[in-house]
Amino acid sequence: MIAGRMRHRDSAGHEGLLENGGVQWMTAGKGVIHSEIPEQEEGVMEGFQLWLNLPRQDKMNPPWYRDFKAAELPRFVTDHGVAVTVIAGQSHGVAGAVTREGTQPLYLDLHLPQGQSFEQCLPAGHHAFVYVYRGELSIAGKAVPLQRMAILTNTAQADGVVMVASAETRALLIAGKPLKEPIVQYGPFVMNSQEEIYQALSDFRDGRLGESTP
């Protein structure tokens, strides 16, 4: 959450308030019904929502939820003055707030001073992208302007990414291990087959989705 607040409530009994600089991490698992009530701050509501696919064997796990306040998120500043918030994964020896074995996600919020660079190692098999939400940066000599995404190639000889800020810049660096499994999506439901989607829809219609576990 960049600006504003979001109140959360769900069928698993979780409640939370997401505030400026905070992070909400929810795992839907076998199903959860939830509501998000936005609260603007001086007329502004700004943030990011990313979906991370679960491996087939984890899709029916119990739902999980946690709010992290800004002060609870691991942070560090590089020698070049780059401020890094480690939401998931690990960067420069700092472990993030969340780790997930299946997809090994990396989720960094980067604040780069003008003219400064940031380097991050990335596993060769991961997919990765950078999204610029303030300013502009360059990667391998190619400009990534404001509100644009750079999808990184993972060539055999590459072991990471180097980005240079051409202005004061804020960006997200996201990476993860590809599951190489079929993906079938319908609305908020993401499964591995059409049959599983039909079952999820049936569970939702019949009131079974999001049931509390006795």
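Lysines within cross-link reach of Lys69: Cα-Cα under 28 Å, excluding same-chain residues under 8 positions apart?
Hits, sequence-local ones excluded: Lys30, Lys59, Lys177.
Test of understanding: in a Gaussian network model of the chain with alpha carbons linked when under 10 Å, which of Arg148, Arg75, Arg170 would top the mean-square fluctuation ranking?
Arg148
From the gyration tensor of the Cα coordinates in the range 73-176, what semi-axes in whole Å does the equivalent ellipsoid have, largest first, with each one equal to sqrt(5λ)? Don't skip to the end; give the middle numbers.
Working: eigenvalues 80, 55, 28 Å².
Over the Cα atoms of the range 73-176, the semi-axes work out to 20, 17, 12 Å.
Please sort by residue number the GluC sites (Glu not before Pro) in the range 41-94 whose DSSP state is loop and whose Cβ has at most 15 other Cβ atoms within 10 Å.
Working: sites: Glu41, Glu42, Glu46, Glu72; in loops: Glu42.
Taking the range 41-94 and a limit of 15 other Cβ atoms within 10 Å, the loop GluC sites (Glu not before Pro) found are Glu42.
At a Förster radius of 22 Å, what calculated FRET efficiency corresponds to the Cβ-Cβ distance of Glu42 and Gln147, to the nearest 0.05? The partial results should precede the final answer.
Details: r = 21 Å, r/R0 = 0.97.
Result of the calculation: an efficiency of 0.55.
P(r) for the chain, please, calculated from all Cα pair distances in 5 Å bins and given in %.
Whole-percent P(r) values from 0 Å outward: 1, 6, 13, 16, 18, 17, 13, 9, 5, 2, 1, 0.
Hey, what angle do you get for helix 194-205 against the long axis of the chain, alpha-carbon based, 0 to 90 degrees rounded to 10?
With both axes taken from Cα atoms, the answer is about 60 degrees.
Taking 0.36 nm per residue of sequence separation and subtracting the Cα-Cα distance, how much length would be gained by fully extending the chain between Phe76 and Thr99, in nm to one decimal?
Going from the current span to full extension adds 6.5 nm.
Which one of Phe118, Ile151, Val132 has its Cα pushed farthest toward the positive end of the charge dipole of the chain, where Lys and Arg give +1 and Asp and Glu give -1 at the Cβ?
Positive-end residue among those listed: Ile151.
No value in this document is a laboratory result; all are computed from the given coordinates. Given the structure is predicted, the values throughout are model-derived calculations rather than measurements. Positions of Cβ are backbone-derived with ideal geometry, glycine not excepted, and every protein chain shown enters the neighbour counts.
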